[in-house]
Structures are given as C-alpha cells and as structure tokens.
Amino acid sequence: MKNTMSLKVFGALALLGTGLVMTACKSAPELTTANAQALIQAKYDATPAVGVNISVNNDGMVQGATAKYWNRTTIYPNKYWADFTLTPEGKKVVKQAGGGDVIKWRPDSPTDKNYSIVMVTLAANHLKARDIKAIQDAVGGGKTVTYTEGVDLTGVPDPLAAIAHNPGNKLSSTHQADFVLDGAAWKLQSIE
C-alpha cells in the first residue's frame with residue numbers, strides 16, 4: 001500500500017511538473033506589422049541598390065530639356081521625330097535604359113500621347129516597404145501580409161523626380177509577403 005501511495009504521489013508530481021513545463025513553454029511570438037515591415041525592408045536592403053526606371057513622355061521630354069538634361073540635336077522632316085543628346089548635366093543624373101547618349105524620339109504622330117522612352121536614374125536606392133496591412137493566418141501556421149512596395153527617389157534631383165511623377169510611371173505596387181516560424185522567431189519566406 002505504501003508503494004501504491006508513493007506511486008500516486010510521484011505520478012501526481014510528474015503530472016504537475018509536466019503542466020508547469022507546458023505552461024512555461026512560450027507560444028509562438030506575435031508577428032506585428034512593425035516586425036513584418038522590418039523583415040521585408042531587411043530583404044530589400046540586402047539586395048543591391050538600383051536606379052529607378054522612369055517613363056518619359058512628351059511632357060517629360062519638355063521638362064528634361066528645360067532642366068538641361070538633354071538638347072534637341074536633330075529634327076526630322078515630319079516635324080515630330082527628333083534626336084536629343086544627353087548633356088553633361090544629364091549624364092550625371094540619368095542614362096537610357098538601352099544605353100547611348102542619343103535619345104531617338106519616334107512617336108507615331110504629332111498627337112501621340114502614349115509614346116515614351118525609358119530612362120534610369122543614376123541615383124541607386126533600395127525599394128521601400130510601407131503601408132503594411134493586417135496580418136493574416138496562412139495554411140500551415142504561417143502568416144501573410146499585403147503591403148506597398150515603393151521606389152526611393154532619394155538623391156534624384158527635383159526636375160527628374162517631377163518627370164518620375166508624370167502619368168505612365170509606376171512608382172509603387174502591391175505585394176504579398178509570406179512568413180514562417182523558424183524556431184522562436186518569424187522569418188520572411190517569400191514575396192509575391
């Protein structure tokens with residue numbers, strides 16, 4: 001009987017100890033919007049900085065000429081085709097996506113509002129994560145978050161930044177980030 005009583009006491013102590021251990025185990029840490037943003041931004045900051053692609057439409061061509069980034073060097077007989085050459089000032093802030101110093105302006109007509117060329121800023125920056133939306137549970141215990149990915153125009157001169165804000169430029173987009181629990185910490189798994 002004494003052995004039975006001892007067995008019950010040890011059993012109760014073992015059960016109590018297991019309960020204490022389970023209570024002491026921490027549940028998964030909370031993934032806050034600030035944590036999610038920091039993890040996404042760390043991913044962006046770990047990639048090489050790049051220039052921003054800027055779509056330059058007719059208004060942008062005028063703005064760039066006014067800012068002395070390029071000069072018209074040739075006008076063609078149809079009066080709406082032209083060649084522009086990057087100036088020394090222009091070469092300090094922008095380059096053509098396809099390379100070269102001569103911008104070949106070739107719209108379909110004098111009223112073609114859709115024609116544009118792509119220039120790339122020489123100021124290289126990392127993408128920025130902002131506007132983190134509510135964090136959602138994902139299948140398998142992970143988390144997902146929707147956020148805005150934006151370009152960074154730091155170091156871009158005001159006239160070029162103004163061209164970047166013309167219609168046709170996409171300076172931000174919406175993405176989804178997926179997170180998984182890695183041990184006791186959240187880890188960015190992927191960005192879509």
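The values are calculated or read from the model by the stated rules, or taken from the named source; none is laboratory data. Note that the structure is a prediction, hence the values are computed from the model and not measured. Cβ sites come from the backbone with ideal geometry, for glycine too, and all protein chains shown count toward neighbours.
Brief remarks on what is shown
- Residue in region 100-111 that is loosely packed, with under 14 Cβ neighbours inside 10 Å, under 15 Å from residue 59 (Cα atoms) and free of Cβ contacts under 8 Å to residues at least 24 places away in the same chain present: yes
- Pairing each residue of region 54-75 that is at positive phi with any residue that is of a type outside the set (Asp, Glu) and part of a loop (DSSP other than H, G, I, E, B), provided the two are 6+ apart or on different chains, yields C-beta distances under 8 Å for 68/87.
- Test result for residue 80, closer than 30 Å to residue 30 by Cα, in contact with a strand residue (DSSP E or B) (Cβ under 9 Å, 6 or more places away or on another chain) and surrounded by 13 or more Cβ atoms within 10 Å (Cβ to Cβ): no
- Residue match in region 8-15 (condition: of a type in the set (D, E, K, R) and either within 30 Å of residue 186 (Cα to Cα) or modelled with pLDDT of 90 or more (or both)): no
- Evaluation of residue 140 against (1) at pLDDT below 95; (2) closer than 22 Å to residue 43 by Cα (one fails), failing number: (2)
- Filtered residues of region 73-101 (kept if modelled with pLDDT of 95 or more, of a type in the set (A, V, I, L, M, F, W, C) and within 30 Å of the chain's Cα centre (by Cα)): 86, 93, 94
- Residues that are surrounded by fewer than 19 Cβ atoms within 10 Å (Cβ to Cβ), of a type in the set (Val, Ile, Thr) and part of a loop (DSSP other than H, G, I, E, B), drawn from region 136-163: 139, 154
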